[in-house]
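All remarks here apply to the structure that follows.
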Amino acid sequence: MKACYEKYFRDNLPHIFCPGCGNGIVMGAWARAMDEMGLENNDCVAISGIGCSSRITTYIDLYTLHTAHGRALPFAIGVKMCKPDMHVFVFSGDGDCAAIGGNHFIHACRRNIDMTLIVINNSIYGMTGGQYSPLTPTGHFATTAPYGNIDPAFDICKIAEASGATFVARGDIYNIRQMIDLIKEGHNHKGFSVIEVVSSCPISYGRRNKINGAPALLRYIKDHSVPVANAAKMSAEEMKGKWPVGVLYKTEAKEYVEAYQELVARLQGGS
Amino acid sequence: MNKVRLVQGNEACAMGAIAAGSTFYAGYPITPSTEIAEYMARELPKIGGIFLQMEDEIASMGAIIGASCTGVKAFTATSGPGFSLMQELIGYAAMTEIPCVIVDVQRPGPSTALPTLSSQGDVQQARWGCHGFHSIIAIAPSSIMEIYYQIINAFNLAEKYRTPVIFLMDEEIGHLRERFELPEDYQPEIINRKKPESDLEVYLPYINDESNGVPPMANFGDGYRYHISGLTHNEKGFYSSVPSVVDTEIRRMVGKIEDNVDDIAQFEEAYADDCDILVIAYGSVARSAQQAVEEMRAEGISVGLLRPIVLWPFATDYFTKACMGKKAVVVAEMNLGQYAREIRRIVHTDTPLKSLTRVDGEFIYPIDVINAVKEVL
C-alpha cells in the first residue's frame, strides 16, 4: 500500500524551518505515523505553544490551535475534556515545555489525560536566536551562555515518569523508523504519552558548539543515542553525555477523562 | 414556582453562569472568588458539565479557551493576583476572538494586599491589562439579582461579539447576601455564536465582510478544519505581517466592540436628567451612592445618580451628554480614580469633578458620598 501522508499537510508550504532543522523530520515522521494508524484529519486536533517546533500546527491539516508560549497543554486539556473522542496531539519544544510550560507539563502528566505530547528537543531556543534552555547540556554554549552554560539540564523523560505520565519514550531524528513507531505506540496508549525527540538546530546550537553543519549534528545525535536495551548494560560513566532512546516507561493507570466521566455517571445515576 | 432565597453574590454568579448555558469551568482557588469554584465543582458534574481545578490561573484561562474552541460556554473566576496572571491569555482570547467569560471578584492590590477586603482597583486593568491593541467588554453588577442577570448577559455578549468578557465584581458584592427571586416562568434570553454556513473549503474564520465585524465561528469537530493563532493573521487565520492585513484585522477586532457601544452599554439612572450635581458610581459603591442621593434629595439638594452597568467599552457620547450642563460631577469608587479619569476626559473643562476614592479595603458609605457632594455644592 502506498503511503499517503500528504493529506495531513496544508498547502501553505514552504515552512519557516532553517535548512538542517529537525522539525521537518519530526513533522514527516508524525504524518507517516498518522498514515500508518489510518487516522482521519477530522478526528484530530493539534495544539502547540510558541517556538520553532510549535509552528508545526501551521502546516498540518487538522483542527489546529497555536497558543501562547508554554501554554499548549492547558488548552489541550480543555479541548480533550470537551471532545473525548478526538485524538489530541501536542507539539512543543524544550524551552516551551520544560521552562515556561514546565508547571503545565508536570500537571498534565499527573492527570494522565489521554493525549500525545511530542517534545522536540533541539537543546536551544531557536526562534529567538540561540539562548540556552533547561535542556541545554551543562558546559555547552548559547548566546546567553557565551562562557559555557553553568545550569544543570533537566531530563524531561524522568520528570514525565515521576509526574505521572503513563507512556514515556525518547526518539531522535536519525532513527526515523523508531520515531514513527514511538509516536504510534504513544498515541495508541491510553493516557498521557510523552515522546521526547532529540532534534537538531545547526544554526543556533550546532554552530556555537563546534558541531558544524546539519550532517555533523545529525551524526552527533546518532552517536549519542543509545537504544534502551544497550543503555541498561552500560555504566553511568559510559552513558555520560549520551541518552537512551526507545520506550523508557510504560504503565497502566486511570485515564483522566474516563475518571471524570465515571464521576458524572455516579452523580447522575445516584440522584 | 421560583422560591425566594437568600443568595450570596458569588453563588448568584455561579447560578447565572449555569442558567446562561455554561458547562465548563476551570479555575484556581483565590479569595474572595473561591465560592464560585466551589459551586461549580458541586453542580457542574451533576449536569454533565466539566469542572477543572487547574495548576494556576494561566492554565485556567488556557483550559477555558480550549473548551470554547469546541463550542461550549466556558468561564473562570479569580481575583487580583490571578487576574494579573490571566492577562496573557485574555489577550490571546481577544486576538483569536474566542468567546469566554472571566469573573474578577476584586480585592485591593497591588500584589497580595488585602485578600479578604473589597476594591474596584482592577477597572483599568480590565481595559488595558494585556499588551497591544484590543478592546474588551467589562460589566460591573451592583446587586445579587443583577449579578445573576448580568452574568447571563456576559456570556451572551461573549458569544455575540466573539470576545472575552470581564465580569467585574468586588468583594463587597461577591460576599453580600440578599433576596433572590426569579420572575414566574423566567426564561433567560440566550445568544449563541454565529456558525458558518459556507462550504468547508471556503470558510474564513476571520472574514472581514460581516456588517458588525464579527465573523462566524466554527467549532472544533464541526468539519471546518482551520487554524487559530495568537499571531496576527489573515482572514484564514494564518500568520501575516502584511501591514494592510494586520491593520485591517486589528481595526476590525477593536471596532466590533467600540463601534457597537450602543448595543453593549447599559446604565441605570436616578434623577440624572434633573439634577445640578451628578454622582457616577458602579458596583457595590453605587448602592451607597443611591442611598446618599435619596437622602440628599429629601433634603432638597439637586443631585442625581448615573450608574454604568457596563464599564467597557466606554460610552463616550452617553457620558458626554449626561454630564453636560451639570454644576459638578462626583465619581465615587474604591480605587484612586480609575473611572474618574475616563469621566474627566469627557466633562467640560470648566465643570468641577470630584473624585471620591478609597483604597484601604473599607467600603464607601452613603455619608462619604454626601460629604463629597456637599464639597462641590
Of all trypsin sites (Lys or Arg not before Pro) in the stretch B:327-377, the ones in DSSP coil with at most 16 other Cβ atoms within 10 Å are B:K327
Peptide-level mean, for A:254-267, of C-beta atoms on other protein chains within 10 Å
2
Checked against the positive end of the charge dipole of chain A (+1 on Cβ of Lys and Arg, -1 on Cβ of Asp and Glu, about the Cα centre), the farthest of A:V45, A:I100, A:M34 is A:I100
Interchain or sequence-distant (5+) residues whose placed amide H lies within less than 5 Å of the amide H of B:H233 are B:S240
Give me the angle, in degrees from 0 to 90, between the Cα long axis of helix B:34-43 and the longest principal axis of the Cα atoms of chain B, rounded to the nearest 10.
50
If you average the sequence gap of Cα pairs under 8 Å that are 6 or more apart and divide by the length of the stretch A:2-268, what percent do you get for the contact order?
18
Show me, for the stretch B:307-317, the HN-Hα J-couplings you get by feeding each phi into the Karplus relation (A = 6.51, B = -1.76, C = 1.60, θ = phi - 60°), rounded to Hz, glycine and proline as x.
10, x, 8, 9, 7, 10, x, 6, 8, 3, 5
Answer with one residue from B:W312, B:V261, B:I30: the one whose Cα lies farthest towards the positive end of the charge dipole of chain B, charges on Cβ with Lys, Arg +1 and Asp, Glu -1.
B:I30
Size-normalised alpha-carbon gyration radius of the protein assembly as shown, reference 2.2 N^0.38 Å:
1.06
For A:K254, list the lysines whose Cα falls under 24 Å from its own Cα; do not include residues on the same chain fewer than 8 positions away.
A:K80, A:K83, A:K158, A:K184, A:K190, B:K46
Once exposed loop GluC sites (Glu not before Pro) are cut out (DSSP; at most 13 other Cβ, 10 Å), longest piece of chain A:
A:41-251
With the calculation restricted to Cα positions, what are the radius of gyration and Dmax of chain B in angstrom?
20.9, 69
Run down the aspartates and glutamates and flag those whose C-alpha is under 16 Å from the C-alpha of A:K222, throwing out any fewer than 8 positions away in its chain.
A:D172, A:E196, A:E238
The stretch B:1-76-the stretch B:112-140 distance, computed between alpha-carbon centres (Å)
20
Hand me the trypsin sites (Lys or Arg not before Pro) from the stretch A:205-271 located in a DSSP loop with no more than 16 other Cβ atoms within 10 Å, in residue order please.
A:K210, A:K240, A:K242, A:K254
Here the relative contact order (percent) of the stretch B:267-375, from C-alpha pairs under 8 Å and at least 6 apart, is 32
Picking from A:L62, B:C13, B:S284, whose Cα lies most toward the positive end of the charge dipole for the protein assembly as shown (charges on Cβ: Lys, Arg +1; Asp, Glu -1)?
A:L62
Normalising by the residue count of chain B, find the relative contact order in percent from Cα pairs under 8 Å and 6+ residues apart.
16
Over chain B: helical MRE at 222 nm, DSSP H runs n ≥ 4 each giving -39500 (n - 2.57), nearest 500:
-11500 deg cm²/dmol
Counting partner chain Cβ atoms within 10 Å of every residue's Cβ in B:69-75, what's the average?
4
Calculate the translational D of the stretch B:4-181 in whole µm² s⁻¹ from Stokes-Einstein, where the hydrodynamic radius comes from the Kirkwood formula applied to all Cα pairs, the temperature is 20 °C and the viscosity 1.002 mPa s.
138
So how compact is the stretch B:79-205: Cα radius of gyration and Dmax in angstrom?
16.7, 54
D (Stokes-Einstein, µm²/s), Kirkwood Cα radius, the stretch A:2-268, 1.306 mPa s at 10 °C:
86
Tell me which chymotrypsin sites (Phe, Trp or Tyr not before Pro) from the stretch A:76-155 have a DSSP coil assignment and no more than 10 other beta carbons within 10 Å of their own.
A:Y147
Stokes-Einstein D for the stretch B:1-105 (20 °C, 1.002 mPa s, Kirkwood Rh from Cα pairs), in µm²/s, comes to 157
If you take the C-alpha gyration tensor of the stretch B:205-308, multiply each eigenvalue by 5 and take the square root, what semi-axes do you get, largest first, in whole Å?
47, 14, 11
Give the whole-number value, in cubic angstrom per residue, of the convex hull volume spanned by the C-alpha atoms of the stretch B:267-375.
88
Mean accessible surface per residue for the stretch B:4-181, computed with a 1.4 Å probe while every protein chain stays in place, in Å²
26
Hey, with R₀ at 51 Å, roughly what FRET efficiency would B:D274 and B:S241 work out to, going by the Cβ-Cβ distance, to 0.05?
0.40
Alpha carbon convex hull of the stretch B:170-224, projected area averaged over orientations, nm²:
7.8
For chain A, set up a GNM with springs between Cα atoms under 10 Å and report which of A:N23, A:N230, A:N121 has the largest fluctuation.
A:N230
Toy charge model, Lys and Arg Cβ at +1, Asp and Glu Cβ at -1: the protein assembly as shown dipole around Cα centroid in debye, rounded to 20, equals 1980
What percent of all Cα-Cα pairs in the stretch B:296-341 falls in each 5 Å bin, counting up from 0?
5, 15, 26, 27, 17, 8, 3, 0
Once phi for every residue in the stretch B:360-369 is put through the Karplus expression 6.51 cos²θ - 1.76 cosθ + 1.60 (θ = phi - 60°), the whole-Hz ³J(HN,Hα) values, with Gly and Pro written as x, are 9, x, 7, 7, 8, 8, x, 5, 5, 5
So who's got an amide H within less than 5 Å of the one on B:A26, skipping anything under 5 residues away but keeping other chains? H placed 1.01 Å off N, in plane.
B:L52, B:F75
Can you return the lysines within cross-link range of B:K256? Criterion is Cα-Cα under 22 Å, with same-chain partners fewer than 8 residues away left out.
B:K73, B:K160, B:K194, B:K195, B:K236
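The values are calculated or read from the model by the stated rules, or taken from the named source; none is laboratory data. Here the structure is a predicted model, which means the values were calculated and not measured. Note that each Cβ is placed from the backbone with ideal geometry, even for glycine, and that neighbours are counted across all protein chains shown. Just so you know, the surface numbers come from the protein's heavy atoms only, side chains and all, with ligands and any DNA or RNA stripped out. Shrake-Rupley method; radii C 1.70, N 1.55, O 1.52, S 1.80 Å.
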